[in-house]
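The structure appears below as structure tokens.
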Amino acid sequence: MTPHSIGRPGRRHVVVVGAGPAGLSAARAAAEAGARVTVLDASHATGGQYWRHAAGPHEQLTDEELRLQHGWDTYCVLDAAVRSHPAVELVTRAQVWAAERHDDGPRLHVLVGEPDDAGRVPLTFSPDAVVLATGAHDRTLPFPGWELPGVTTAGAAQALAKADGVAVGSRVLVAGAGPFLLPVAATLAAVGATVLGVHEASRAGALARGWLDRPWRLAGTSGKLLELAGYAAGHVRHRIPYRVGEAVVAAHGHGRVEAVTISRLDPTWAPIAGTERVVEVDAVCVSHGFTPRLELAVALGTAITTERFVDVDVRQRTSSPHVWAAGETTGIAGVDAALAEGWLAGHDAAGGAPDERRARTAVRRRAATHEVARRMAAAHGIPVQGAGSGPGWLRWLTDDTVVCRCEEVTAGRLRDTAAVTCSTDPVSVKLTSRAGLGICQGRMCSAAVTAILGAPGALESRPVAAPVRLGDLARAAGPSA
Amino acid sequence: MSDVVVIGAGIIGAACARALAVSGARVTLLDRGSPATATSAHGEGNILVSDKGPGPELDLARYAASLWPGLSEELADELGPAFPALEYERKGGLVAATTLTGAEPLLAFARTQRAAGLDARPVGADAALVLEPDLSPDVTAAVHYPEDAQVQPVAAAEALLASARRRGVDVRGGTEVVGAVTSGGRIRGVRTTTGTVEADTVVVAAGPWSGAVGQRLGAPLSVLPRRGMVLVTTRMPHRIRHKVYDGDYFGATQSADAALQTSAVVESTAAGTVLIGSSREQVGFDVRLRVDVLAAIARRALRLFPTLTDASIMRSYLGFRPYVPDHLPVIGADDRLAGLWFATGHEGAGIGLAPATGEIVAALVGGRVPALDAHPFRPGRPGLLGASGEDHREP
């Protein structure tokens, strides 16, 4: 495959899906390399999850709001460059709901407008290149009571605070795994919540092995580490306790979370008997990592790694002709990696010369940030093995713990269904138990379902990447733009 | 009765294995993947008599429809309340024409079915709206078929498998057949990726892959994949009471045209979603999405139910149905190789026809006279032997 071989006249048209750090970076690089660029983002504003903010001119962010943002200057520069470039068309509130793979290239089907609106405007693109920068969403492991109001993902709490300046509760506990818990706790404290503690499931040993191993390899990643150091300082200022090897293993309450049970964990994240304690809260924010949004990548036929990320080469090319990917769809490595990857993807998708000096710099930066990603996975990754059957965190679940919240399928129901049908195949068990068949289409629960079944998770295909009204679907397709 | 190998643990293979075990055979059921996850898991669970014109397929459909009520009760009793519900429901079908030119062919088709003894009741537009309040008032003719029914196809297939296991059937997933063991001009077993399985009788029930399996056993058969796509809405108030489909449905079934064909089949499920099918394409085992196909299905559904325009589609799926040129299932012995049998070619009707297919195979293999003349379904009929389906897997 070569990006230069497509025999269409005029300059290349690059469509970038997602206007977070990776997407904005890709759009600017593609435009500067001479392409015509269309940037599509489902939300009202650019910036993605990382630079989430209220819609409107971002120059008017208050000091209060600015304190919640990191690298805001970088964002402002990128955003201005993208908006002011004459070859860039930016479309917000643009949901790519389907991607087709035709013999002559990809075709994207887009609806522009409010998600529930009847009057969304359809757009279709058949570009020379697509850059997928669709990001990732929180992954939360199930536990008894996680469906109670007041239990949110850390990402949702972060978004609410950044976009609306609102804290999810006044006595809040943050739990899960990964460095993302730190900025969430800091943000919650900044918008006025009392953060009772941050409980990191990984134990000191895993954290040390992940983060302290061969520290010279972290050269070049100072931005990320300084950012984390900043959060640590914030924690000291707000007096937020940070505990490792602990998890919220149950939430309690009538109609709303009122308390949580915290337990110490063994290395497989199994609760250690006798260490449980109950803490009163009015909200709890839980995240155990991130799941990349792969719908469009899968639809476009790109190879996916065993860790479930889009497989890309050194220039961010996927295995599919015409398709590049950047940012957290290709690995969870933080904002610096996303910016570097976005630049590489946009530049290469536009047909920019690969041996340019900036390309070499970006490749170097990417390599360094990927060292951070590797360490993050080593330090905070969800265990996949445990003593006996499956990882230890499965022992948080009781038979009546809801696993699929859309269809209210419990862990017991899943185990019973697998037992009576002698099947652990997710395709069969989903259809006989209904786990994963609801409105979120398994985005929340499918990893937990396959872990409970002890099955290797099949790659899920969601051809309808976002819900679409039947009336809009009836008007879809037709010749491309 | 001797040892039998059944190849393919979809609903057809499961029904055959169970019926053979009931009649005393020692059965090994092989599947190269997981049971009940390919064609059986990507359809709609139709048990239809309404879409079949007089002839052998209607006879087979009516025989199958007569077996389902007893079978679903028997399976539920045998497997107990912990087993997923089969959701068998004889809800009836309503076939509606939405154009003036479509009305008369629909009514004429129903007349031929009535002459063959089927309960096919023409209803005026007003009566149709009583049966289906959200139906378009533009409907020009409609026929009500009280015998049409629905079942949850994967639950049904798994129930047949579970029942088969209780009768001693050895169900082996992850076992792909690579060739036949033959001697003295007859089959003696199959070679698989996990070893040889000996048997005097081998039944190929591999759906759209049956032609390719036949080829590996030395008996190619003209079975091709025909792709169908289905849309699923989010949960909505239960407003659609029957299987409602437009009058072009049987026209599409009976055409060999490879070009895209769509017709609307709209129904509510027990879970509260609405299923909207479906399309027919001959594109091999291509799994690539085609939005124009989904759009065509949506347009047809809206002609029947304009109020569905605001329904939210959260999912689409596609499956490959086993298609044969003359649209008749293939059930019977293959004269080219003694001991080799086929049970395939049901296209979009395999879920409904499975129990009848199993009974017929068990009777024929056991040397008994089946409840229905199976001669029209024999593999040796004109146009089937020789050409093979494509030997592809879905990626």
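The values are calculated or read from the model by the stated rules, or taken from the named source; none is laboratory data. Keep in mind it's a predicted model, so treat the numbers as computed, not measured. Methodologically, a virtual Cβ is constructed for each residue, glycine included, from the backbone with ideal geometry; neighbour enumeration extends over all protein chains shown. Remember, those area values only see protein heavy atoms, side chains included, never the ligands or the DNA or RNA. Shrake-Rupley method; radii C 1.70, N 1.55, O 1.52, S 1.80 Å.
Annotations for the structure displayed:
- Reported count of residues in region B:329-352, each being farther than 26 Å from B:ALA128 by Cα and either of a type in the set (Ser, Thr, Tyr) or open to solvent by less than 30 Å² (accessible area, probe 1.4 Å) (or both), is 16.
- Boolean, B:ALA128 is more than 30 Å from B:ARG227 (Cβ to Cβ) and open to solvent by less than 30 Å² (accessible area, probe 1.4 Å): yes
- Members of region B:1-56 found to be β-branched (Val, Ile, Thr), within 14 Å of another protein chain (Cβ to nearest Cβ) and either assigned to a loop (DSSP other than H, G, I, E, B) or touching a Lys or Arg at 6+ places or on another chain (Cβ under 8 Å) (or both), listed by number: B:THR37, B:THR39
- Residue selected from region A:459-481 under the condition at pLDDT below 80 and more than 9 Å from chain B (Cβ to nearest Cβ), by the criterion farthest from A:LYS430 (Cα to Cα): A:ALA481
- When A:VAL384 is tested against (1) in contact with a helix residue (DSSP H, G or I) (Cβ under 8 Å, 6 or more places away or on another chain); (2) open to solvent by 60 Å² or more (accessible area, probe 1.4 Å); (3) within 26 Å of B:ALA157 (Cα to Cα), only condition (3) is not met.
- Residue within region A:124-143 that is surrounded by fewer than 17 Cβ atoms within 10 Å (Cβ to Cβ), assigned to a loop (DSSP other than H, G, I, E, B) and within 24 Å of the chain's Cα centre (by Cα) present: no
- Under the condition of being under 11 Å from A:SER287 (Cα atoms) and assigned to a helix (DSSP H, G or I), the residues counted in region A:183-203 number 1.
- The residues on offer are B:ARG172, B:ARG191, B:ARG165, and the sole one that is under 24 Å from the mean Cα position of the chain (by Cα), free of Cβ contacts under 8 Å to residues at least 40 places away in the same chain and closer than 29 Å to B:PHE320 by Cα is B:ARG165.
- Residue match in region A:440-448 (condition: out of contact with any Cys (no Cβ under 9 Å at 6 or more places or on another chain), hydrophobic (A, V, I, L, M, F, W, C), surrounded by fewer than 21 Cβ atoms within 10 Å (Cβ to Cβ) and within 13 Å of another protein chain (Cβ to nearest Cβ)): no
- Number of residues in region A:410-425 that are assigned to a helix (DSSP H, G or I) and open to solvent by 20 Å² or more (accessible area, probe 1.4 Å): the value is 5.
- Looking only at residues of region A:387-401 that are assigned to a loop (DSSP other than H, G, I, E, B) and among the small types (Gly, Ala, Ser), we find that the one that is surrounded by the most Cβ atoms within 10 Å (Cβ to Cβ) is A:GLY390.
- Sole residue being without any contact (Cβ under 8 Å) to a residue 12 or more places away in the chain and either within 12 Å of chain B (Cβ to nearest Cβ) or small (Gly, Ala, Ser) (or both), chosen from A:THR421, A:THR410: A:THR421
Each row is one residue, and each column tells you yes or no for (1) within 25 Å of the chain's Cα centre (by Cα); (2) open to solvent by 30 Å² or more (accessible area, probe 1.4 Å); (3) within 14 Å of another protein chain (Cβ to nearest Cβ).
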residue	(1), (2), (3)
B:GLU74	yes, yes, no
B:GLY80	no, no, yes
B:PRO84	yes, no, yes
B:GLY102	no, no, no
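- Among the residues of region B:152-163, those that are more than 7 Å from every other protein chain (Cβ to nearest Cβ) and surrounded by 24 or more Cβ atoms within 10 Å (Cβ to Cβ) comprise B:PRO153, B:ALA156, B:ALA157, B:ALA159, B:LEU160, B:LEU161.
- Positions within region B:285-299 being out of contact with any Pro (no Cβ under 6 Å at 6 or more places or on another chain) and within 10 Å of B:PHE320 (Cα to Cα), in sequence order: B:ASP286, B:VAL287
- Residue match in region A:149-169 (condition: farther than 30 Å from A:VAL279 by Cβ, open to solvent by 20 Å² or more (accessible area, probe 1.4 Å) and aliphatic (A, V, I, L, M)): no
- Whichever residue in region A:269-293 is of a type in the set (A, V, I, L, M) and free of Cβ contacts under 8 Å to residues at least 40 places away in the same chain and, among such residues, is surrounded by the fewest Cβ atoms within 10 Å (Cβ to Cβ): A:ALA273
- Residue in region A:104-125 that is more than 14 Å from chain B (Cβ to nearest Cβ), within 21 Å of A:ALA325 (Cβ to Cβ) and touching a strand residue (DSSP E or B) at 6+ places or on another chain (Cβ under 6 Å) present: no
- Residue tally, condition more than 30 Å from A:ARG36 (Cβ to Cβ) and open to solvent by 50 Å² or more (accessible area, probe 1.4 Å), over region A:345-379: 5
- Counting only strands (runs of 3 or more DSSP E) that sit wholly inside region B:283-368, those with at least 2 residues that are not assigned by TED's automatic domain parsing to the domain that holds B:PRO54 are B:312-323.
- Strands (runs of 3 or more DSSP E) wholly inside region A:265-367 containing at least 3 residues that are among the hydrophobic types (A, V, I, L, M, F, W, C): A:283-287, A:323-325
- Some residue of region B:273-282 being more than 10 Å from chain A (Cβ to nearest Cβ), open to solvent by less than 30 Å² (accessible area, probe 1.4 Å) and outside any strand (DSSP E or B): no
- Qualifying residue in region B:198-215 (condition: free of Cβ contacts under 8 Å to residues at least 60 places away in the same chain and either open to solvent by less than 20 Å² (accessible area, probe 1.4 Å) or more than 14 Å from every other protein chain (Cβ to nearest Cβ) (or both)): no
- Qualifying residue in region B:164-175 (condition: surrounded by fewer than 22 Cβ atoms within 10 Å (Cβ to Cβ), at negative phi and touching a Cys at 6+ places or on another chain (Cβ under 9 Å)): yes
- Among the numbered conditions (1) surrounded by 17 or more Cβ atoms within 10 Å (Cβ to Cβ); (2) in the same structural domain as B:ASN46 (by TED's automatic domain parsing), the only one that B:MET229 does not meet is (2).
- Test for B:ALA96: is it more than 21 Å from the chain's Cα centre (by Cα), on the phi < 0 side of the Ramachandran plot, open to solvent by 30 Å² or more (accessible area, probe 1.4 Å) and among the small types (Gly, Ala, Ser): no
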